[in-house]
Amino acid sequence: MMRKMRACGIALGVTTALVLAGCSSSSDSGGESSNGVTKVVVWNGYTDAQAKNFTALMNEYNKANPNVQVSQLVSSSDQVLQKILTAVRGGTPPDVAYMFGSWAPNIAKIPQVVDMTSYVAQPEWNWADFYEGERAAATVKGKVIGVPALVDNLAIVYNKTLFKAAGVAPPTATWTWDDFTAAAKKLTVPAKKQYGWLMPGDGSEDTVWHFDAMLWEAGGDILTPDNTKAAFNSPAGVKALTTLQQMAQDKSVYVDTTNAQGTKLMNSGKLGMMVTGPWDLSSLPDIDYGVQIMPTYNGSSAGHQTISGPDNWVVFNNGSKREKAAVDFVKWLTAAAQVKTTSLASGDLPTRESVGQEQSFVEALNKKLPGSAVFVKNLSNVKKARPPVDQYPAVSEAMGQAIVSVLLGKAEPSAALDNAAKQVDAKLAGN
Amino acid sequence: MTPPVGASTATDAVRPSDDESGLEADQPERRRLRLPFSPWHLVLIPIAFILIIPLLWMLITSLLTPSEANQFPPVIIPRELRFQNYPDAFTTAPFGKFLLNSTIVTLVVVVSNLVVCSLAGYAFARMRFWGRSALFLALMATLMVPFQVTMIPVFLIVKWFGDNVWSFMGINHLGALMLPNLATAFGIFFLRQFFQTVPVELEEAARVDGTSRIGVLFKILLPLSLPAMSTLAALTILTSWNDFLWPLIVVTSQDQMTVPLGLSYFQGAHTTDWPLLMAGNVMSLLPMLVVFVVAQRYFVQSVAATGLKG
Amino acid sequence: MATVTEDPARRPPGALRRLGRSEHATGWALASPGVILIGIFGLLPVLLSLKLSFQKSDLLTPETPWVGTANYRKLFNDPVFAAAIEHTLIFTALFVPGTMLVGLLVAVAMNRSIRFISVYRTAAYVTMAVSTISEGIIFLWLTDKDYGLVNSALNAVGISSQPFLSSTSQALYVIVAMTIWGWTGFAVIIYLAALQGVPVELHEAAAIDGASPFTRFRTITVPLLSPASLFLVVWLTINALQLFDEVYLTTRGGPLRATTVIVYYLWDQAFVQFQAGYAAAMAYVLFVVILIITAIQFRISRRYVHYS
């Protein structure tokens, strides 16, 4: 029975300890080995070419900075948030983590997240060189919470062969949504199970940001300027959603409710067009594709727009020494020279405007991954960003459900958007 | 484990189980119509095929080129078999180390579960003790709250153990992967149910002869429960081997990663390298198949034949 | 207590009664290693997260103000949660008997010593060993509205294509079918182990008495399998009520929340919407639901479960 008694003691001890641990989160002064080397741990979700490039850069940095030891942990980006939130709770966050931009307003609330505002204000950061949309996405209520790690945007990727076969002229930079829908209709061949376009229809943020760009082009907005009420149920919103409704009704769009097949269908020659980002280009080896900026609405003063989903390097505070080392590494990693290396190695768009404007660089990138040049140029069409409110996940969810309900023919655009607006207003009011 | 009397006849004992279920009528007039093979193959082959479709898909995908893997509808007959995916996958990350970690964790977890759960399972199945029902209910209750909710408290408890008891058990150590899984309510419940099916008379005779409870458990019940024990072992090995969410949360350096975590090297934010991912999956699956083929020998051992007849 | 089923130890024969004195101590001693481990790593976390359900927490800020029963009150006015409960119950009601029936039939078919039988049994085991990702992808393909094999088959026999996972009325049933497929191996393995305990003599005796194979199956095999069946009912129900992976990997709760089950909604609230307190409240409503259903299963089982 000794064992039982002892174990009971342990159980009691654990309970007490947890209560205590809850009060005083132990600040870890560790991370420094005896020889004075500061350790910096970076969590990322890099695979393949991106991973190789990051590892090479990290090794280069370590060689040049013998008193700092940067190490990385590859973690499934899909569920990395659960890992980070748990680690923060346990007082063991990484020093730097790659985080999706749409999390920014929420990440900003974590006390251990380092406020980068004063760092990036230093001239050697050249903060203004990051694209405006990136800076906006990394800034929450005037506070910079991360440094752009990746930038993308949406454009039309089309199958040249299918366009030729259907006798449709390829998309131009002056296309309207009417041109787009007309082309999609002609590209649809039911007998071949071929569709003009594919729309992600799982109601996730992926569905929503496709709509966001259309909404902005129609002259609309997601929320009112003071971010207190929904604005997407405006005539502009109805116009954008009606475009989707019409395409769903004439069956020229494949509504991908599980959001799993898009790229594969495109690569298999089953889709005339996709609206997608630069990451998909490397997965289309079997088709002759072209890239064009998104169409706009006829007569709209908003012109051609797109949406960008920048991701960030977020720095966590693990003591001032590690914080300083981590910030320094991020500064080096996101400097123009490294941005260029990363972009050419991985095919990602450059996160800095000075790099994006360098003609020889853009040519080299486009050679590596045809079509990239259009995406680089399209970065200047990023005119608006998602509203940086911490209720954004709820805004996105309500809009996603409204869009899918129209795509599936369950609701009319204006009714669906009004209904979503009501939910969003309630959330923004704090319910 | 000492085999019970008559266990040596296990191979003979399997034979009568041929029509144990009673569905197969062994009447003489049917014999004339007999196929050169058992007609059951005609039933079992389609069943087995349906069951292994996911495995076939994994095998095929693991041999595709990147271009073939980017097709929908998927390619089912590859133009060429790209075996290179296997060495490629294996060298993407230190998978040898991951396999070793997974093996260590799984071995400790399965041995611990077999011992701890059989002791508790026996107590709950056969003994009357104070608070038994409430205790059993409390154990079962732990199965009823999703891990997504208890994850953070479990993390904090394990961290406390690492900081205060033994650092091997702490965050980012293999011990942390074992600790919460050393005993499971699943195992206790499973063995409790199976122990209850063993005829109680066998035990009573031994107890009257003065054998202790533990003695009864180890000398009589466990040998009779080989099918259940090996089933529990196979299931526990599988769960531990494939565990993803908990290792994801506690492992924070590459040298402590297990195989399922290592597979995230093929899943990027926007793109997944399906051929390499599936090659990795197949490599992860192979040890499990070996385990099952070995464990299977004990699955079929007939309790009735070995225990009662012997 | 509902969990007490028929109990051989409750009626010890005279000779054993003397030994019963130390029973409490021995019982605790045997159970304690498991009880302590599960107590610390299972029960304690459950109690700690219960606290969370009475707090407002986003998992981001350390402040977790007490909100009393606000999270629970909010649940009862949440139409999505009501729908999630409905979907979860429908799923469970179809999945549990479906898996058990398929599992039993396949196990019986595999419980014979013919050649290659170990290959067949391994096939059943494989369904447990392969990742749910693979199953999800295959089901997405098989049931695709345009390119799926199921629709090709339906078209071949003159039935028009079905939308399956992209239909709000069919998606949940596709998930049921997929999950049964994935769990069949588990039920087969459990039943195969249990079938080893069915004494051959009983069958032989009944056969001599002229009982048909089906009668023997119904009157001998099924009752003797009842402890395993109880185990399966309870275990499958507990898992079905906490369905997550299959939904996460295919429909993500859609289309239009048609496959949003409780744990998926809970995960969405905790890790997408950052409403951890609210998610914890859901978990405890679910907990009570599971507890009640499990208790009922054990109680009913007293009448039907046959222990030797």
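Worth a mention:
- Qualifying position, being within 25 Å of C:LEU50 (Cβ to Cβ), open to solvent by less than 10 Å² (accessible area, probe 1.4 Å) and in a helix (DSSP H, G or I), among C:ALA228, C:ALA193, C:ALA279: C:ALA279
- Test: residue in the range A:101-117 that is modelled with pLDDT of 95 or more and hydroxyl-bearing (Ser, Thr, Tyr): yes
- Enumeration of residues in the range B:261-280 that are part of a helix (DSSP H, G or I) and open to solvent by 20 Å² or more (accessible area, probe 1.4 Å): B:TYR265, B:TRP274, B:LEU276
- Yes/no for A:THR139 being buried (at least 17 other Cβ atoms within 10 Å of the Cβ), within 11 Å of another protein chain (Cβ to nearest Cβ) and of a type in the set (Val, Ile, Thr): no
- Candidate set: the range A:50-66, residues that are more than 15 Å from A:VAL96 (Cβ to Cβ) and open to solvent by 40 Å² or more (accessible area, probe 1.4 Å); chosen: the one farthest from the other protein chains (Cβ to nearest Cβ): A:ALA64
- Within the span defined as the range B:110-118, one or more residues are closer than 18 Å to B:THR258 by Cα and either open to solvent by 60 Å² or more (accessible area, probe 1.4 Å) or within 14 Å of the chain's Cα centre (by Cα) (or both).
- Among residues of the range C:89-129 being aromatic (Phe, Trp, Tyr) and modelled with pLDDT under 95, the one that is surrounded by the most Cβ atoms within 10 Å (Cβ to Cβ) is C:TYR125.
- Residue in the range B:198-212 that is at pLDDT 90 or above, hydroxyl-bearing (Ser, Thr, Tyr) and open to solvent by 20 Å² or more (accessible area, probe 1.4 Å) present: no
- Subset of the range A:112-129 [touching a residue at least 24 places away in the same chain (Cβ under 8 Å) and loosely packed, with under 12 Cβ neighbours inside 10 Å]: A:GLU124
- Test: residue in the range A:317-325 that is within 14 Å of chain B (Cβ to nearest Cβ) and surrounded by 17 or more Cβ atoms within 10 Å (Cβ to Cβ): yes
- The C-beta contact set for the range A:211-233 (first residue open to solvent by less than 20 Å² (accessible area, probe 1.4 Å) and at pLDDT 95 or above, second residue of a type in the set (Asp, Glu) and part of a loop (DSSP other than H, G, I, E, B), distance under 9 angstrom, 6+ apart or interchain) comprises A:LEU215/A:ASP221; A:PHE232/A:ASP221.
- The single condition among (1) among the charged types (D, E, K, R); (2) over 30 Å from A:VAL40 (Cβ atoms); (3) part of a helix (DSSP H, G or I) that A:LYS331 does not meet is (2).
- Filter result for C:ARG115 (basic (Lys, Arg), part of a loop (DSSP other than H, G, I, E, B) and touching a Phe, Trp or Tyr at 6+ places or on another chain (Cβ under 9 Å)): yes
- The lone exception for B:PRO94 - which of (1) within 26 Å of the chain's Cα centre (by Cα); (2) without any contact (Cβ under 8 Å) to a residue 24 or more places away in the chain it fails: (2)
- Extreme residue, farthest from C:PHE91 (Cα to Cα), among residues of the range C:263-276 that are under 19 Å from the mean Cα position of the chain (by Cα) and open to solvent by less than 10 Å² (accessible area, probe 1.4 Å): C:LEU266
- Only one of the listed residues (B:THR142, B:THR92) is within 14 Å of chain C (Cβ to nearest Cβ) and either closer than 30 Å to C:HIS24 by Cα or open to solvent by 20 Å² or more (accessible area, probe 1.4 Å) (or both). That residue is B:THR142.
- Hits in the range A:249-280 - residues which are open to solvent by 20 Å² or more (accessible area, probe 1.4 Å) and part of a helix (DSSP H, G or I): A:GLN249, A:THR263, A:LYS264, A:TRP279
- Restricted to the range C:231-245, and to residues there that are in a helix (DSSP H, G or I) and open to solvent by less than 20 Å² (accessible area, probe 1.4 Å), the residue that is farthest from C:PHE186 (Cα to Cα) is C:LEU241.
- Candidates are the residues of the range B:149-180 that are at the interface with chain C (Cβ under 7 Å from one of its Cβ atoms) and in contact (Cβ under 8 Å) with a residue 40 or more places away in the chain; the one that is least open to solvent (accessible area, probe 1.4 Å) is B:VAL154.
- Restricting attention to the range C:153-181, the residues that are touching a Pro at 6+ places or on another chain (Cβ under 8 Å) and not hydrophobic (A, V, I, L, M, F, W, C) add up to 4.
- Top-ranked residue in the range C:249-276 [being aliphatic (A, V, I, L, M) and more than 10 Å from chain A (Cβ to nearest Cβ); ranked as farthest from B:VAL145 (Cα to Cα)]: C:VAL261
- With respect to the stated conditions, C:SER57 is among the small types (Gly, Ala, Ser), open to solvent by less than 40 Å² (accessible area, probe 1.4 Å) and either within 14 Å of chain B (Cβ to nearest Cβ) or closer than 30 Å to C:SER229 by Cβ (or both).
- Output for the range C:142-166, where each listed residue is outside any loop (DSSP other than H, G, I, E, B) and out of contact with any Gly (no Cβ under 6 Å at 6 or more places or on another chain): C:LEU149, C:VAL150, C:ASN151, C:SER152, C:ALA153, C:LEU154, C:ASN155, C:ALA156, C:PHE164, C:LEU165, C:SER166
- Of the residues making up the range B:45-72, just one is open to solvent by 50 Å² or more (accessible area, probe 1.4 Å) and within 14 Å of chain A (Cβ to nearest Cβ), namely B:PRO66.
- A:ASP202 buried (at least 21 other Cβ atoms within 10 Å of the Cβ) and in contact with an Asp or Glu (Cβ under 8 Å, 6 or more places away or on another chain): yes
- C:ALA187 vs. criteria within 11 Å of chain B (Cβ to nearest Cβ), small (Gly, Ala, Ser) and buried (at least 21 other Cβ atoms within 10 Å of the Cβ): no
- Of the listed requirements (1) touching a helix residue (DSSP H, G or I) at 6+ places or on another chain (Cβ under 8 Å); (2) in a helix (DSSP H, G or I), B:MET144 misses just one: (2).
- The set of residues in the range A:182-198 that are open to solvent by 20 Å² or more (accessible area, probe 1.4 Å), in a helix (DSSP H, G or I) and in contact with a Gly (Cβ under 8 Å, 6 or more places away or on another chain) comprises A:LYS185, A:LYS186.
- Out of A:PRO388, A:PRO370, one residue alone is outside any helix (DSSP H, G or I), away from chain C (no Cβ under 14 Å) and over 30 Å from C:TRP267 (Cβ atoms). It is A:PRO370.
The values are calculated or read from the model by the stated rules, or taken from the named source; none is laboratory data. Please read these numbers as outputs of a predicted model, since none were measured by experiment. Because the Cβ atoms are built from the backbone with ideal geometry, glycine has one as well, and the counts that use them run over all protein chains shown. Heads up: the accessible areas ignore ligands, DNA and RNA and are worked out on the full protein's heavy atoms, side chains in. Shrake-Rupley method; radii C 1.70, N 1.55, O 1.52, S 1.80 Å.
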